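What follows draws every value from the coordinates through simple rules; no lab data is involved. For clarity, every value in this text was computed on a predicted model and none was experimentally measured. Here the Cβ is made from the backbone with ideal geometry for all residues, glycine too, and neighbour counts use every protein chain on show.
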């Protein structure tokens, strides 16, 4: 195992009304950079609007603390070192007392 060599941060979506009556979406950071371990789960391709799109799914291990146990699928995860954003699909703060496991997916609309 490679260990905790990656850095991730989590953001929350904030919606504000724009001047046209719609909503403007911004992502606001809610955590500092956290040490993480990525484990590749699977990748897949799909055709969307006539173009091939690829997604990759990862299990991400974080050390358990009050901040990481409060994460939900409503958060967005960012790989700080690579600049990639991920949808958080699942958060498991209870299976392992020492760690919080995140299932995150890249290549999809955030």
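Details
- Counted by neighbouring Cβ atoms within 10 Å, the residues 4, 38 run from fewest to most as 4, 38.
- Counted by neighbouring Cβ atoms within 10 Å, the residues 86, 40 run from fewest to most as 40, 86.
- Each label was represented as a point 7 Å from its Cα along the Cα-to-Cβ direction; for residue 81 and residue 27 these points are 1.8 nm apart.
- One entry in (1) 40, 10, 9; (2) 18, 16, 14; (3) 25, 20, 12 is semi-axes √(5λ) of the Cα gyration tensor in Å calculated from the shown coordinates; its label is (3).
- For the pair residue 63 and residue 42, a Förster radius of 30 Å applied to the C-beta separation gives a FRET efficiency near 0.75, rounded to the nearest 0.05.
- Spin-label model distance (nm) - residue 18 vs residue 55, 7 Å beyond Cα toward Cβ: 2.5 nm
- GNM result for the chain, Cα springs below 10 Å: residue of 21, 83, 54 fluctuating most strongly: 21
- Segment residue 70-residue 7, extension gain: residue separation times 0.36 nm, minus the distance between their alpha carbons: 20.9 nm
- In terms of other Cβ atoms within 10 Å, 17, 59 run from fewest to most in the order 17, 59.
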